[in-house]
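Nothing in this text is a laboratory measurement; each read-out follows from the coordinates by a stated rule. What you are looking at is a predicted structure, and each value in this text was computed from that prediction instead of being measured. Ideal geometry is used to build each Cβ from the backbone, glycine not excepted, and the neighbour counts take in all protein chains shown.
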Amino acid sequence: MRLEGKVAVITGAARGFGAGIAEVFAREGARLALIDIDGDGVERLAKQRSDNAIAFAADVTKAEDWSRAVRACVERFGRLDIVANNAGTSHRNQPLLDVSEEEFERVFAVNVKSIYLSAQAAVPVMRKQGSGVFINIGSTAALRPRPGLAWYNGSKGAVHLISRSMAVELAPDKIRVCVIAPVAGDTPLLATFMGEDTPQRRAAFLATVPLGRFSTPADVANAALFLASDDAGFLTGNVVEVDGGRCV
């Protein structure tokens, strides 16, 4: 098993890409600290993993929630090897001037501030261990931005650049930082990205993906597994596009 003996924190773990990452990491031997604002959902997922997972109803935009989760993770499992920053949100697809200030602030808090807070909580633990991996979920929106998602696109661009900056600064501590940039998946956020979920809009979007389908939780989870494993030990600062050719 490729993650035997490793401990991972996964955010946004109750559904979608986060649940997919949790499933694959557990299958490969990792012990898990699962975080989601949906406490009931993440608790159900943790219970499926018996003694190898703990759950936290937490807001990734709150420093105290991060501190509590990381502290409990280390107390329970003795270490922290991987942080998968998967939690994310978007404003509805619409003209950039129509997005409210409240929506803008929420997008940047969930997508960007959460990475800052994860570093504040987890880097000291990883430095003490002498190793660690951050896997931050970016987006093809940061590489080929689409109209109507200006502020979301910008938040994911920040994820990519912050991650690469972290990679350079944390390399002497043997802490790796990589990004996964998925094309849109058939998740609860899909309708938000498209403005409305109709067969016509799905067809128009899929026409831009050479392999002709949306990404799946398994696609993202398998990429995360590789990046988290020792097989990727010489990779840091990389942005891995899981996009069916969308960014070609």
Take the alpha carbon atoms of the range 3-24, find their center, do the same for the range 39-72, and report the distance between the two centers in whole angstrom.
11 Å
If I fit a long axis through the Cα atoms of helix 114-129 and take the longest principal axis of the Cα atoms of the chain, what angle between them do I get, 0 to 90°, rounded to 10?
30 degrees
Show the residues, 5+ positions off or on another chain, whose built amide H is closer than 5 Å to the amide H of G185.
S215
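Using a ≥ b ≥ c from the Cα gyration tensor of the range 74-191 (square roots of the eigenvalues), is it rounded, prolate or oblate, where a/c under 1.5 gives rounded and otherwise the larger of a/b and b/c decides, a/b for prolate? Write down the numbers at each step before the final one.
Numbers: a/c = 2.35, a/b = 2.14, b/c = 1.10.
It comes out prolate by the Cα gyration axes.
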Between R71 and S50, with labels modelled 7 Å along Cα→Cβ, what's the label distance in nm to one decimal, could you check?
3.0 nm
Could you check the spin-label model distance between Q120 and L189? Points 7 Å from the Cα along Cα→Cβ, value in nm.
2.2 nm
For all pairs of alpha-carbon atoms in the chain, what percent lies in each bin of width 5 Å, listed from the first bin to the last filled one?
1, 7, 14, 19, 21, 17, 11, 6, 3, 1, 0
In degrees between 0 and 90, to the nearest 10, how far off the longest principal axis of the chain does helix 150-170 point, with axes built from Cα atoms?
30 degrees
Please give the Cα centre distance for the range 78-96 versus the range 197-214, rounded to the nearest Å.
23 Å
According to the square roots a ≥ b ≥ c of the eigenvalues of the Cα gyration tensor, what is the shape class of the range 1-83, taking rounded for a/c under 1.5, prolate for a/b larger than b/c otherwise, and oblate for the remainder?
oblate
Which angle between 0 and 90 degrees, to the nearest 10, do you get for helix 63-77 versus the longest principal axis of the chain when only C-alpha atoms count?
50 degrees
Run the dipole for the range 7-242 about the Cα centre, Lys and Arg Cβ at +1, Asp and Glu Cβ at -1, nothing else charged, and hand back the magnitude in debye, nearest 20.
400 debye
